[in-house]
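Colleague: Got a structure for you, written out below as structure tokens; questions coming shortly.
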Amino acid sequence: MSKRRIIAFAVCYLAVVTVCVGVGLELTMDRFDHGGDPTYVEQGASLGASLLLAPADQVWAFIGRDRFGPAGQWLLLIGNALLWGLLAEVIYGILRDKFKPSP
């Protein structure tokens, strides 16, 4: 396992989460301003953010959101990113070994 790849995967994860949350929030606010039904893009962004924020969001809700200050929330998000980065590294390693050409 490469620590650099884990961090790279975690940074990519944070970028994707930021985009999903931003797009979902922007489309939801636009829908509230102009009315209408939720679009597939809005629903997809919301689902993507919910999926990517797991398991941190469930832990956060279970313990209680009031117990975390802003620093605790950032630490939880960074810890979640590192977990997702580790998962991506494990999957990458398995796929790399599986499809590695034999000498």
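Matching residues to (1) under 14 Å from the mean Cα position of the chain (by Cα); (2) not hydroxyl-bearing (Ser, Thr, Tyr):
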| residue | (1), (2) |
| --- | --- |
| Phe9 | yes, yes |
| Val19 | yes, yes |
| Thr28 | no, no |
| Gly85 | yes, yes |
| Asp97 | no, yes |
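Colleague: When you go through Ala81, Ala71, Ala45 one by one, which is the residue that is out of contact with any His (no Cβ under 8 Å at 6 or more places or on another chain) and touching a residue at least 60 places away in the same chain (Cβ under 8 Å)?
Modeller: Answer to the check: Ala81.
Colleague: Look at Phe32 and say whether it is modelled with pLDDT under 85 and either basic (Lys, Arg) or out of contact with any strand residue (DSSP E or B) (no Cβ under 8 Å at 6 or more places or on another chain) (or both).
Modeller: Yes.
Colleague: Related question: Here is a list: Ala54, Ala45. Which entry is among the small types (Gly, Ala, Ser) and part of a helix (DSSP H, G or I)?
Modeller: Result of the check over Ala54, Ala45: Ala45.
Colleague: Against the condition within 17 Å of the chain's Cα centre (by Cα), modelled with pLDDT under 85 and at negative phi, how does Ser46 come out, does it pass?
Modeller: Yes; evaluated as a whole, the condition is true for this residue.
Colleague: Among what's in the stretch 61-83 and is open to solvent by 70 Å² or more (accessible area, probe 1.4 Å) and not aliphatic (A, V, I, L, M), pick the residue that is modelled with the lowest pLDDT.
Modeller: The selected residue is Arg65.
Colleague: Out of all the residues in the stretch 1-30, which are assigned to a helix (DSSP H, G or I) and in contact with an Asp or Glu (Cβ under 7 Å, 6 or more places away or on another chain)? Working first, answer last.
Modeller: Within the stretch 1-30, the subset assigned to a helix (DSSP H, G or I) is 3-30.
Matches in the stretch 1-30: Arg5, Ile6, Phe9, Gly24, Leu27, Thr28.
Colleague: Separate question: Can you pull out every residue in the stretch 5-19 that is hydroxyl-bearing (Ser, Thr, Tyr) and open to solvent by 60 Å² or more (accessible area, probe 1.4 Å)?
Modeller: Of all residues in the stretch 5-19, those hydroxyl-bearing (Ser, Thr, Tyr) come to 13, 18.
The answer is Thr18, and nothing else.
Colleague: Only residues that are open to solvent by 60 Å² or more (accessible area, probe 1.4 Å) and among the small types (Gly, Ala, Ser): list them for the stretch 20-60, please.
Modeller: Matches in the stretch 20-60: Ser46, Ser50.
The values are calculated or read from the model by the stated rules, or taken from the named source; none is laboratory data. Worth saying up front: this structure is predicted, and the values here are computed from it rather than measured. Every residue, glycine among them, receives a Cβ derived from its backbone with ideal geometry; neighbour counts consider all protein chains shown. Note: accessible area is taken over every heavy atom of the protein model, side chains too, but ligands, DNA and RNA are not part of it. Shrake-Rupley method; radii C 1.70, N 1.55, O 1.52, S 1.80 Å.
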